[in-house]
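Okay, so here's the structure we're looking at.
The values are calculated or read from the model by the stated rules, or taken from the named source; none is laboratory data. Worth saying up front: this structure is predicted, and the values here are computed from it rather than measured. Here the Cβ positions follow ideal geometry from the backbone for every residue, glycine too, while neighbour counts run over all protein chains shown. Note: areas computed on protein heavy atoms with side chains; ligands, DNA, RNA excluded. Shrake-Rupley method; radii C 1.70, N 1.55, O 1.52, S 1.80 Å.
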2 protein chains.
Amino acid sequence: MSNYRLKIQYDGTKYRGWQRQRGNSDTVQGKIEQVLGRLYGKELEIAGAGRTDAGVHAYCQIANFHLETKDTPDKIRDSLNEYLPQDIRILEVEQAGERFHSRLNATGKVYEYHLVKKDYYDVFARKYSWQMEKELDLEKMRKAAELLLGQHDFKGFCTRASKKKSTIRRLDAVKVWETKKDIFLRFEGSGFLYHMVRILTGTLVEIGAGERQIESIRQVLETGDRTLAGETAPAQGLTLISVKYE
Amino acid sequence: MSNYRLKIQYDGTKYRGWQRQRGNSDTVQGKIEQVLGRLYGKELEIAGAGRTDAGVHAYCQIANFHLETKDTPDKIRDSLNEYLPQDIRILEVEQAGERFHSRLNATGKVYEYHLVKKDYYDVFARKYSWQMEKELDLEKMRKAAELLLGQHDFKGFCTRASKKKSTIRRLDAVKVWETKKDIFLRFEGSGFLYHMVRILTGTLVEIGAGERQIESIRQVLETGDRTLAGETAPAQGLTLISVKYE
């Protein structure tokens, strides 16, 4: 029995997120497990590092699964790609240490959010970005982002916070940059709560648009009150870029 | 009556090309004319600079049409975008000189073809690129491209060459460059025949893959024999980048 690590890229537009749900196979995990089952004749379970929401994309998601096979890793990759739909691609399969677990061993994740500026359009990015209706002040967004850095209780920046599990996370970097027609927000951290990147983005956008004070960030962090944070940005602008391991 | 110049961007995936055809509205021109008709209550005809094929995209197509209206150009743009589908965007509307004609006045066009290298994937570009199955030698492609430069009879590099119309065109530049996972081919010229960029691309790809001699380019140019050129590259990898005017 070997442990295989997968690098996976997907366009999340058509999927109900990464995580398999009962009674449907229109999740990325479900789709890959279905193809693995067809190829190797057993019910295999794959563990993904990031449980991306419905409509969220991945540039490089990491997953792993255990299998006994004589196929080489490249052969497994090619077989998977042959049967997977075009919006999910296995970039790489490699053998991992027996104890490697994609989610439990992950030490960090990088997400990117893509905004298209007011009065600019990009039809090729329309399913992978959020079209702005207002001008944004990037300096304000950067100042607000600084207040988010470090270890905090991000309870106010997530949906359905669990009472049992910790909502403390460490945000290592938030980078905000622009091209002529785009604005990108890049979040690097130890891990992210449910909807956290999208709420952070929605909040920073409101600050950039002048609809919200920079200082409101502190309030949300201190009170943990979701209603004090901004709107949840649409899923389609968000992409899981990479997963970090020690 | 004013003459308006449009800058248009579109994802050609779902359309039967630019040019309106009888009995269907699933062309880009047909779609825009339909919306203009709804907005201004008359049958307006728009002239496009490049008649892109079914499935070919445009980063910036130019068109023009005549209309009497009190609406400002920005208002015309916004109204069009309100009713057009998301895969067609009007980037700009501006008033042009009375005699401006987008196609007849065009002095050059730039097309780009996007290849994704063997063993690399890009799910986000899957509808806008051609996935390679073989390694390509870019130096060979560049040498072959040089033989295409200048004024030639490109009859052998087009489909359904007209006997009445000239097949002589001037190719000003062919640039071939790469990133880690992509190869781009950029063609600049006075004008392009039906399927010409796609056949040039297909031929250069065969040369890059070592399946065809560089010198075969000369033969096609000399004989005008379509059967001596390479395959027609798929429409989806091609994008009209810009149209040039004096």
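Annotations for the structure displayed:
- Placed amide H near residue A:131: partners under 5 Å, 5+ positions off or other chain: A:116
- Buried solvent-accessible surface, both chains (A, B), 1.4 Å probe, Å² to nearest 100: 1800
- Spin-label pair residue B:225-residue B:107: with each label point 7 Å from Cα along the Cα-Cβ axis, the two points sit 3.8 nm from one another.
- Label distances, nm, residue B:3 versus same residue in remaining copies, Cβ-directed 7 Å point: 7.1
- Expected 222 nm ellipticity per residue - DSSP helices of 4 or more, -39500 (n - 2.57), all of chain B, to 500: -7000 deg cm²/dmol
- B:244, B:70, ranked by accessible area, largest first (probe 1.4 Å): B:70, B:244
- Per residue accessible area in Å² of the protein assembly as shown, where ligands, DNA and RNA are left out and the probe is 1.4 Å: 49
- Sequentially through segment B:147-158, phi angles give Karplus couplings (6.51, -1.76, 1.60; θ = phi - 60°) of 5, 8, 5, x, 8, 9, 8, 8, 3, x, 10, 9 Hz, Gly and Pro residues having no value and appearing as x.
- Position residue A:135: other-copy label points at 5.2 nm, ordered by increasing distance, label point 7 Å along Cα→C-beta.
- The GNM of chain A, with springs linking C-alpha atoms under 10 angstrom apart, assigns the highest mean-square fluctuation among A:58, A:96, A:235 to A:96.
- Surface accessible to a 1.4 Å probe, residue B:168 within the full protein complex, Å²: 80
- Each Cα pair under 8 Å and six or more residues apart adds its sequence gap; the mean of these over the residue count of segment A:1-130 is a relative contact order of 33 percent.
- DSSP beta bridge pairing in the protein assembly as shown, given as percent antiparallel to the nearest 5: 90
- Legend: distances between Cα atoms for A:109/A:134; B:7/B:127; B:127/B:181; B:42/B:163; pairs beyond 25 Å are A:109/A:134; B:42/B:163.
- The relative contact order of chain A, computed from alpha carbon pairs under 8 Å that lie at least 6 residues apart in sequence, is 24 percent.
- Solvent-accessible surface (1.4 Å probe) assigned to residue B:165 amounts to roughly 150 Å².
- Area of residue A:100 that stays accessible when all protein chains are in place (1.4 Å probe, Å², to 10): 30
- Solvent-free Debye calculation, one equal scatterer per alpha-carbon of the protein assembly as shown: log10 I(q)/I(0) at 0.06, 0.07 Å⁻¹ equals -0.35, -0.48.
- Distances between copies at residue B:182, taken between label points 7 Å from Cα along the C-beta direction, are 0.9 nm in increasing order.
- Computed over segment B:147-246, Kirkwood Rh from alpha-carbon pairs, angstrom: 14.0
- Residue-count net charge about residue B:167 - beta-carbon cut-off 10 Å; Lys, Arg +1, Asp, Glu -1: +3
- Chain A's nearest residue to the axis relating it to B, judged by Cβ and reported with the distance in whole Å, is A:124, 4.
- Across segment B:57-180, the relative contact order, built from alpha-carbon pairs under 8 Å that are at least six residues apart, equals 16 percent.
- Principal axis extents of the C-alpha atoms in segment A:76-183 (largest first, rounded to whole Å): 48, 41, 24.
- Burial of 20 Å² or greater, segment A:88-124 residues [accessible area, probe 1.4 Å, versus chain by itself]: A:89, A:91, A:119, A:121, A:123, A:124
- Percent accessible area from carbon and sulfur atoms, the protein assembly as shown, protein chains only, probe 1.4 Å: 45
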